[in-house]
Amino acid sequence: MKLNAIGLPAAQSKELAEDLNFLLANFQTYYQNLRGIHWNIRGRSFFDLHAKFEELYDDANLKVDMIAERVLTLGETPLHTFADYTRVSKVPVGQDVSKDEEAIRLIVDSLKELLLIERKILSTSDTVGDEGTNAMMSDFITEQEKTVWMMKAWLAEQV
């Protein structure tokens, strides 16, 4: 079995990098959604949500960088064009979202897609023994599950 520079099976690392690139594309869509709702939110919740959306997009921006750097660590090239992102992303695109409830639902729907992808990556990285990817996915999942809970609480809905 051929190993890559960090001691992981090369073929499985390439597959993981492909999955991480898929996550990267979806995170970029999520990030753009957050920027859009941050800019366009209107109404009585403006001040609270404007600040919250900025917090979320700052966090998403950091995660985008972490994902891309993990792809590089695995020996592959991260996706980096909007054409690539839009071609493969499954996260819903929010266009002209300015109402608070619609914005929160967009976040919940986006995170649901991200969590599905991250759980798949977590399973694969665990099988291969890729602790670096494993730890990153575990951290992302924990944070995003909490965000979903908070957003559902704002919507007065059960998780």
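On the given criteria, is residue 15 part of a helix (DSSP H, G or I) and under 21 Å from residue 101 (Cβ atoms)?
Details: part of a helix (DSSP H, G or I): yes; under 21 Å from residue 101 (Cβ atoms): no.
Judged against the criteria, residue 15 is not a match.
Restricting attention to region 112-124, does a residue exist that is on the phi < 0 side of the Ramachandran plot, in contact with a Ser or Thr (Cβ under 6 Å, 6 or more places away or on another chain) and surrounded by fewer than 21 Cβ atoms within 10 Å (Cβ to Cβ)?
Pass one, region 112-124, residues on the phi < 0 side of the Ramachandran plot: 112-124.
Restricting the remaining residues to those that are in contact with a Ser or Thr (Cβ under 6 Å, 6 or more places away or on another chain) gives none.
Checking region 112-124: not a single residue is on the phi < 0 side of the Ramachandran plot, in contact with a Ser or Thr (Cβ under 6 Å, 6 or more places away or on another chain) and surrounded by fewer than 21 Cβ atoms within 10 Å (Cβ to Cβ).
In region 67-78, which residue that is assigned to a helix (DSSP H, G or I) and either among the β-branched types (Val, Ile, Thr) or more than 12 Å from the chain's Cα centre (by Cα) (or both) is surrounded by the most Cβ atoms within 10 Å (Cβ to Cβ)?
Let us first name the residues in region 67-78 that are assigned to a helix (DSSP H, G or I), namely 67-73.
Retained after the next criterion (residues that are either among the β-branched types (Val, Ile, Thr) or more than 12 Å from the chain's Cα centre (by Cα) (or both)): 67, 69-73.
Numbers: 67: 27, 69: 13, 70: 23, 71: 23, 72: 13, 73: 18.
So the residue we want is 67.
Considering each of 96, 130, 109, 100 in turn, give the residue that is over 15 Å from residue 20 (Cα atoms) and surrounded by 18 or more Cβ atoms within 10 Å (Cβ to Cβ).
Values: 96 fails: surrounded by 18 or more Cβ atoms within 10 Å (Cβ to Cβ); 130 fails: over 15 Å from residue 20 (Cα atoms); 109 fails: surrounded by 18 or more Cβ atoms within 10 Å (Cβ to Cβ).
Selected residue: 100, the only one of 96, 130, 109, 100 that is over 15 Å from residue 20 (Cα atoms) and surrounded by 18 or more Cβ atoms within 10 Å (Cβ to Cβ).
Filter region 79-123 for residues that are of a type outside the set (A, V, I, L, M, F, W, C), touching a residue at least 24 places away in the same chain (Cβ under 8 Å), in a helix (DSSP H, G or I) and farther than 25 Å from residue 133 by Cα and give the result.
Once the filter is applied, which keeps residues that are of a type outside the set (A, V, I, L, M, F, W, C), touching a residue at least 24 places away in the same chain (Cβ under 8 Å), in a helix (DSSP H, G or I) and farther than 25 Å from residue 133 by Cα, region 79-123 yields 100, 101, 105.
Every residue, every condition in (1) surrounded by fewer than 21 Cβ atoms within 10 Å (Cβ to Cβ); (2) small (Gly, Ala, Ser); (3) more than 24 Å from residue 154 (Cα to Cα); (4) touching a helix residue (DSSP H, G or I) at 6+ places or on another chain (Cβ under 9 Å), yes or no:
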residue: 3; (1), (2), (3), (4): yes, no, yes, yes
residue: 6; (1), (2), (3), (4): yes, no, yes, yes
residue: 12; (1), (2), (3), (4): yes, no, yes, yes
residue: 15; (1), (2), (3), (4): yes, no, yes, yes
residue: 27; (1), (2), (3), (4): no, no, no, yes
residue: 39; (1), (2), (3), (4): yes, no, no, yes
residue: 53; (1), (2), (3), (4): no, no, no, yes
residue: 62; (1), (2), (3), (4): yes, no, yes, no
residue: 80; (1), (2), (3), (4): yes, no, yes, yes
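Take region 83-116 and flag every residue that is in contact with a Pro (Cβ under 9 Å, 6 or more places away or on another chain) and under 16 Å from residue 41 (Cα atoms).
Initial filter on region 83-116 (in contact with a Pro (Cβ under 9 Å, 6 or more places away or on another chain)): 106, 109-110, 113.
Matches in region 83-116: 106 only.
Table: residues versus (1) more than 13 Å from the chain's Cα centre (by Cα); (2) over 22 Å from residue 15 (Cβ atoms).
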residue	(1), (2)
34	no, yes
40	yes, yes
60	no, yes
85	no, no
97	yes, yes
114	no, no
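Residues that are more than 18 Å from residue 14 (Cα to Cα) and among the basic types (Lys, Arg): does region 69-78 have at least one? Give the steps one after another, and end with the answer.
Step one: of region 69-78, the residues more than 18 Å from residue 14 (Cα to Cα) are none.
No, region 69-78 has no match at all.
Can you say whether residue 61 is touching a residue at least 24 places away in the same chain (Cβ under 8 Å) and either of a type in the set (Lys, Arg) or touching a Leu at 6+ places or on another chain (Cβ under 7 Å) (or both), as far as the supplied structure shows?
Numbers: touching a residue at least 24 places away in the same chain (Cβ under 8 Å): yes; either of a type in the set (Lys, Arg) or touching a Leu at 6+ places or on another chain (Cβ under 7 Å) (or both): no.
Considered against the rule, which asks whether it is touching a residue at least 24 places away in the same chain (Cβ under 8 Å) and either of a type in the set (Lys, Arg) or touching a Leu at 6+ places or on another chain (Cβ under 7 Å) (or both), residue 61 comes out as no.
We did not get these values from a lab; they are worked out from the coordinates using the rules stated. No experiment lies behind these values; they were computed from the predicted model shown. Cβ coordinates were reconstructed from backbone atoms using ideal geometry, including for glycine residues, and neighbour counts include every protein chain displayed.
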